Amino acid sequence: MSTGRGPGSMLPAAFLQSGSSSFAEFLASHDPSLLPAGRPLPSGTSVDAVHGTTIVALTFAGGVLMAGDRRATMGNIIAQKDIEKVFPADESSCIGIAGTAGLAVEMVKLFQVELEHYEKIEGAQLSVDGKANRLATLIRGNLGMAMQGLAVVPMFAGYDTETSGGRIFSFDVTGGRYEEHRHHGVGSGSMFARGALKKLWRDDLTPVEAVTVAVESLYDAADDDSATGGPDLARGILPVIAVVDIDGYRRLPEAELDPIVRAVVAARTVRPDGPTAPITG
Amino acid sequence: MSVPFYVSPEQVIKDKADYARKGIARGRSVIVMQYAGGLLFVAENRSRALHKISEIYDRIAFAAVGKYNEFENLRVAGVRLADLRGYSYDRRDVTGRSLANAYAQTLGTIFTETQKPYEVEIVVAEVGATEHDDQLYRLTFDGSVGDEYGFVAMGGSAEAITAALRERWTAGLSLEAALRLAVELLGSEQSGNGGGGGGGAGGSAASTGSTTGTAANPSGGAGAKSSASSAETRVLTPAQLEVAVLDRDRPRRKFRRIPGQRLAEILDVDDDSDDAAGDPA
């Protein structure tokens, strides 16, 4: 890092300029090399990089929940068994990532600083839509890398004080921002997880039931997608589950999550395909 | 062709310093002090939007007196510097000491190299793991830094308040006791100190336009009236106060504003502020 400040000299002009409340814009004017989008890429090459996989999110009465499996892959190799892909974005929202892990984690870090930076400078939090739009802008800056195979596909969920409920946003590599209703999933195992979510989601889920639905859907994703990891009870590696409601962001502690995961796994030994949904009604 | 008058460098520096001191003395005072659970910041400030006390980073806060636009500029620069450091290295690597150094260099350069010095005095405070690790840096308009122990007072009546604090402050005060002491001392502040009395403060504010003391207190007449009986103690109410703490026991972000309702409880007066909902920052 360069703060551009030698001994005995004042802060450079970019620090003292007024106007912008955005950390990313400040970086762009002060030290663009720190931005993912600020680095020139050699053309026509692609690299093997670690990929993160399945993230699901679903709403429940009074909040929203996001869950991610713990596997990262590089080609056919499992690169990491216990990677974390769901993070707090600020005190009332969370972000989950699929795609190139290195870039995605960097983007999450930038996004977290971006939100806190705005809050400190303006003395107020951004709206949920404002946060989602900022994230879309950050992803858009990454388009060049995405076209070379280093795509980042995040999902964002937050508690909206105006609607008193949770909201979910998905994104594409061009910076498109799409609001999702009820539930959504991203990543390689998401098509299987979304099938499970469709069958299990109801509009009167309690938070605990919502956790069960998320664990079931990740189990189904791991069942059919080799890049998604199932719960590893032998090593004690459980999915990461973040809950955002009126009290803010909370990562579900292992003590609460463990019995739910064990119950789901135990039920699968009886019915390997999981719970059935009624055909009518 | 006219030959410019020779003015000795000593005279130039002295004139600038006098100018800056006068500007600072016009505003209301701010007190920063240690209490059992961390660091307490108390300012007399009628404005709900133009803060004299702000969060810089997880463990670091900023308090200032003087010209609002100038210390606001420094505050934003500090947030940028802290966020940049935390983003490039790690959150733990952002320290009050490095921030105080950057401010000192900046204020020093502005004081010596520009026509008009900043009319500000600031405190950079960092709360540590224990009372011994707390740090208080006081920076003046010319870039001098002082490492303070226990408490700092800045602004119009800084000297009188500091003398009183030296007698009455002790280590390990409870939050309630510390707050009551600070509010009492701010209330005993002589109105319209410096700048030639209360009427003078109102008058000169009209010409400079943005001294915080007057931005917060639009009625110059009130200041003039009470300056007649300047020894009289005023009882400050929550609407006239801006109070925040760096709370040692909070996770990660230690900075927290104390809303009017809670202030009224502690000071045992009616809550006349309408910020009961609290301020997110």
(request) Could you tell me which residue of the range B:112-126 is farthest from the other protein chains (Cβ to nearest Cβ), considering only residues that are open to solvent by less than 10 Å² (accessible area, probe 1.4 Å) and farther than 22 Å from B:Asp249 by Cα? (result) B:Glu119
(message) Tally up the residues in the range A:76-105 that are of a type outside the set (A, V, I, L, M) and over 22 Å from B:Arg253 (Cβ atoms), please.
(response) 9
(request) Scan the range A:106-131 residue by residue and report those that are more than 13 Å from every other protein chain (Cβ to nearest Cβ), over 18 Å from A:Leu58 (Cα atoms) and surrounded by fewer than 22 Cβ atoms within 10 Å (Cβ to Cβ). (result) A:Gly130
(request) State which residue is farthest from the other protein chains (Cβ to nearest Cβ) when the search covers only the range B:59-75 and only residues that are open to solvent by 10 Å² or more (accessible area, probe 1.4 Å) and not in a loop (DSSP other than H, G, I, E, B). (result) B:Lys67
(message) Among the residues in the range B:76-89, are any within 9 Å of chain A (Cβ to nearest Cβ), out of contact with any strand residue (DSSP E or B) (no Cβ under 9 Å at 6 or more places or on another chain) and outside any helix (DSSP H, G or I)?
(response) yes
(request) Name the residue, out of B:Arg97, B:Arg92, that is in contact (Cβ under 8 Å) with a residue 24 or more places away in the chain and closer than 29 Å to A:Pro32 by Cβ. (result) B:Arg97
(message) Which residue is surrounded by the most Cβ atoms within 10 Å (Cβ to Cβ), if the candidates are limited to the range B:170-190 and must be part of a loop (DSSP other than H, G, I, E, B) and more than 18 Å from the chain's Cα centre (by Cα)?
(response) B:Leu173
(message) Suppose we filter the range A:212-252 for residues that are closer than 20 Å to A:Phe87 by Cβ and outside any loop (DSSP other than H, G, I, E, B); how many remain?
(response) 16
(request) Sort out which residues of the range B:1-58 are small (Gly, Ala, Ser), open to solvent by less than 10 Å² (accessible area, probe 1.4 Å) and part of a loop (DSSP other than H, G, I, E, B), and write them in order of number. (result) B:Gly27, B:Ser29
(message) Tell me the residue from A:Met66, A:Met145 that is more than 25 Å from B:Lys254 (Cα to Cα) and surrounded by fewer than 24 Cβ atoms within 10 Å (Cβ to Cβ), please.
(response) A:Met145
(request) Enumerate the pairs (first residue in the range A:49-69 and among the small types (Gly, Ala, Ser); second residue anywhere and open to solvent by less than 10 Å² (accessible area, probe 1.4 Å) and in a loop (DSSP other than H, G, I, E, B)) with beta-carbon separation below 8 Å, excluding pairs fewer than 6 apart on the same chain, so at least 6 apart or on different chains. (result) A:Gly52/A:Lys85; A:Ala61/A:Leu205; A:Gly68/A:Thr54; A:Gly68/A:Lys85
(message) Among (1) under 25 Å from B:Arg21 (Cβ atoms); (2) in contact (Cβ under 8 Å) with a residue 24 or more places away in the chain, there is one condition B:Glu72 misses while meeting the rest; what is its number?
(response) (2)
(message) Residues to consider are B:Ala102, B:Ala129, B:Ala164; find the one that is in a loop (DSSP other than H, G, I, E, B) and either more than 17 Å from the chain's Cα centre (by Cα) or within 14 Å of chain A (Cβ to nearest Cβ) (or both).
(response) B:Ala129
(message) Can you pull out every residue in the range A:19-40 that is at pLDDT below 80 and either open to solvent by 70 Å² or more (accessible area, probe 1.4 Å) or in contact with a Ser or Thr (Cβ under 6 Å, 6 or more places away or on another chain) (or both)?
(response) A:Gly19, A:Arg39, A:Pro40
(message) Going residue by residue through the range A:244-254, is there one that turns out to be over 22 Å from the mean Cα position of the chain (by Cα) and surrounded by fewer than 12 Cβ atoms within 10 Å (Cβ to Cβ)?
(response) no
(request) Answer yes or no as to whether B:Ile53 is closer than 16 Å to B:Phe151 by Cβ, within 13 Å of chain A (Cβ to nearest Cβ) and touching a strand residue (DSSP E or B) at 6+ places or on another chain (Cβ under 6 Å). (result) yes
(request) Being more than 14 Å from every other protein chain (Cβ to nearest Cβ) and either more than 20 Å from A:Ala151 (Cβ to Cβ) or of a type in the set (Ser, Thr, Tyr) (or both) is the filter here, so list the residues in the range A:90-105 that pass it. (result) A:Cys94, A:Thr100
(request) Six or more apart or on different chains, Cβ under 9 Å: which pairs go from a residue in the range B:1-22 that's under 15 Å from B:Asp142 (Cβ atoms) to one that's assigned to a helix (DSSP H, G or I)? Could you list them? (result) B:Ile13/B:Phe111; B:Ile13/B:Thr112; B:Lys16/B:Phe111; B:Lys16/B:Thr112; B:Ala17/B:Phe111; B:Ala20/B:Phe111; B:Lys22/B:Ser204
(message) Go through the range A:13-61 and report how many residues are among the polar types (S, T, N, Q), within 14 Å of chain B (Cβ to nearest Cβ) and closer than 21 Å to A:Leu138 by Cα.
(response) 5
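The values are calculated or read from the model by the stated rules, or taken from the named source; none is laboratory data. None of the values given here were measured: they were computed from a predicted structure. Heads up, the Cβs are rebuilt from the backbone with ideal geometry, glycines too, and the neighbour counts pull from every protein chain shown. Note: accessible area is taken over every heavy atom of the protein model, side chains too, but ligands, DNA and RNA are not part of it. Shrake-Rupley method; radii C 1.70, N 1.55, O 1.52, S 1.80 Å.
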